[in-house]
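Below is one structure, written out as structure tokens, with a few remarks after it.
The values are calculated or read from the model by the stated rules, or taken from the named source; none is laboratory data. What you see is a predicted model, and the numbers here were worked out from it, not measured in a lab. Glycine gets a Cβ as well: all are built from the backbone with ideal geometry, and neighbour counts include every protein chain shown.
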Amino acid sequence: MIVVREFQDCDAAGAAEVYYESFKTYLKERMGPKRSAEYWQNSMKRFTTEEYDNISFVALDGDRVVGCISIAAALVRRLGTLTRIGVLPEYAGKGIGKMLFEEADRFWRERKMRKVATCVSSINTAAIKFYERCGFHCEGVLKDHFFPGVDEHQLALFY
């Protein structure tokens, strides 16, 4: 049974694996080295102020981290951000991304976001379809953004 909960420091090595393996499925030879558990532990830590709130969630199959999502909320402007989401390739298509997104959606709705923004590589067609199913629409394209020859689609979800 898959369980979704807030990221904890003990999840960092699993998050490193999830993000590396899931991003490698579409980045292929563009993929750099795997980032350390320490990097993800620092990157995914909860940070909250009067104006800003960010959080990460993990999907667990037993003790194994099989999916992650990192999100934020700019509270004054009511603008949410989906920073990154990933699911281990062997768990793809099993509804884990949807479970993670639903947790993020609750977070944004509780904070009364008016819009959520993210971007996705044009070569990541599975992610584009996923975001569309979640209600996102393309607002624009950034040419050669992170990698030469790879455009990024700017996506938005309005509440």
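Here are a few things to note about the model shown:
- Condition check for residue 96: surrounded by 16 or more Cβ atoms within 10 Å (Cβ to Cβ), of a type in the set (A, V, I, L, M, F, W, C), in contact (Cβ under 8 Å) with a residue 24 or more places away in the chain and touching a Gly at 6+ places or on another chain (Cβ under 6 Å): yes
- Some residue of region 43-65 being in a helix (DSSP H, G or I) and within 15 Å of the chain's Cα centre (by Cα): yes
- Of the residues making up region 20-39, none is of a type outside the set (Lys, Arg), assigned to a loop (DSSP other than H, G, I, E, B) and within 20 Å of residue 104 (Cα to Cα).
- Scan of region 82-93 for residues that are touching a residue at least 12 places away in the same chain (Cβ under 8 Å) and either assigned to a strand (DSSP E or B) or of a type outside the set (Ser, Thr, Tyr) (or both), ordered by number: 82, 83, 84, 85, 86, 87, 88, 89, 92
- With respect to the stated conditions, residue 79 fails to be more than 10 Å from the chain's Cα centre (by Cα) and in contact (Cβ under 8 Å) with a residue 60 or more places away in the chain.
- Among the residues of region 108-121, the one identified as under 8 Å from residue 80 (Cβ atoms) and assigned to a helix (DSSP H, G or I) is 108.
- In region 126-159, the residue that is nearest to residue 56 (Cα to Cα) out of those that are assigned to a helix (DSSP H, G or I) and in contact (Cβ under 8 Å) with a residue 40 or more places away in the chain is 127.
- Taken over region 47-93, residues that are of a type in the set (A, V, I, L, M), surrounded by fewer than 19 Cβ atoms within 10 Å (Cβ to Cβ) and in contact with a helix residue (DSSP H, G or I) (Cβ under 9 Å, 6 or more places away or on another chain) amount to 2.
- Selected residue [closer than 24 Å to residue 12 by Cβ and not charged (D, E, K, R)] from 125, 118: 118
- Hey, residue 15 modelled with pLDDT of 95 or more, assigned to a helix (DSSP H, G or I) and of a type outside the set (Phe, Trp, Tyr) or not: yes
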